[in-house]
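A short worksheet on the structure shown next.
The values are calculated or read from the model by the stated rules, or taken from the named source; none is laboratory data. In this text the structure is predicted, and so the values were computed from the model without any measurement. Methodologically, a virtual Cβ is constructed for each residue, glycine included, from the backbone with ideal geometry; neighbour enumeration extends over all protein chains shown. We work out accessible area using only protein heavy atoms, side chains counted, and drop any ligands, DNA or RNA first. Shrake-Rupley method; radii C 1.70, N 1.55, O 1.52, S 1.80 Å.
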Amino acid sequence: MRSFALITLLTLAGGSTMAHAAETTQTIKVSGWHCGGCSASTEQALKKLEGVKSVTSDFEKGTASVTFDDSRIKLSDLERAITESGYKVKR
């Protein structure tokens, strides 16, 4: 019972031992897309990654906007998934 009270007190006081995930949205420029199927393929590859919340690709602009938990996945992981799906990341 005492530990429950301590946990409750810490929670109410804003204390926590758990790290808070930072949700980040990054827009990545992609080259090599020839059609909407290409951008959809890239979108699917990114969505498979653990930590990715959502992906929206724009064939016309050549971009993929990815919302992800940056405590679980890094930008370099997203870029690698794009490259491994057959396309290039533009910098």
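Within region 44-57, take every residue that is over 14 Å from residue 26 (Cβ atoms) and not hydrophobic (A, V, I, L, M, F, W, C) and give me the one that is farthest from the chain's Cα centre (by Cα). Give the derivation first.
Looking only at region 44-57, we keep the residues that are over 14 Å from residue 26 (Cβ atoms), and these are 44-45, 47-48, 50.
Adding the requirement that they be not hydrophobic (A, V, I, L, M, F, W, C) leaves 44, 47-48, 50.
On the way: 44: 13, 47: 8, 48: 10, 50: 8 Å.
Filtering region 44-57 for residues that are over 14 Å from residue 26 (Cβ atoms) and not hydrophobic (A, V, I, L, M, F, W, C), the one farthest from the chain's Cα centre (by Cα) comes out as 44.
Output the residue which, of all residues in region 25-43 that are free of Cβ contacts under 8 Å to residues at least 40 places away in the same chain, farther than 18 Å from residue 75 by Cα and not in a helix (DSSP H, G or I), is most open to solvent (accessible area, probe 1.4 Å).
34
Within region 44-59, does at least one residue satisfy the condition of being open to solvent by less than 40 Å² (accessible area, probe 1.4 Å), at pLDDT 95 or above and assigned to a helix (DSSP H, G or I)? Spell out how you get there, then give the answer.
First, the residues of region 44-59 that are open to solvent by less than 40 Å² (accessible area, probe 1.4 Å): 45-46, 51-52, 55, 57.
Narrowing the set further to residues that are at pLDDT 95 or above leaves 45-46, 51-52, 55, 57.
Narrowing the set further to residues that are assigned to a helix (DSSP H, G or I) leaves 45-46.
So far as region 44-59 goes, yes, one or more of its residues are open to solvent by less than 40 Å² (accessible area, probe 1.4 Å), at pLDDT 95 or above and assigned to a helix (DSSP H, G or I).
Considering region 66-91 alone, what residues qualify as being open to solvent by 70 Å² or more (accessible area, probe 1.4 Å) and under 20 Å from residue 34 (Cα atoms)? Explain how you work it out, then say what you get.
Filtering region 66-91 down to residues open to solvent by 70 Å² or more (accessible area, probe 1.4 Å) leaves 71-72, 74, 80, 83-84, 88, 90-91.
Scanning region 66-91 gives 80, 83, 84, 88, 90, 91.
Among (1) farther than 18 Å from residue 90 by Cα; (2) open to solvent by 50 Å² or more (accessible area, probe 1.4 Å), which single condition is residue 22 missing?
(2)
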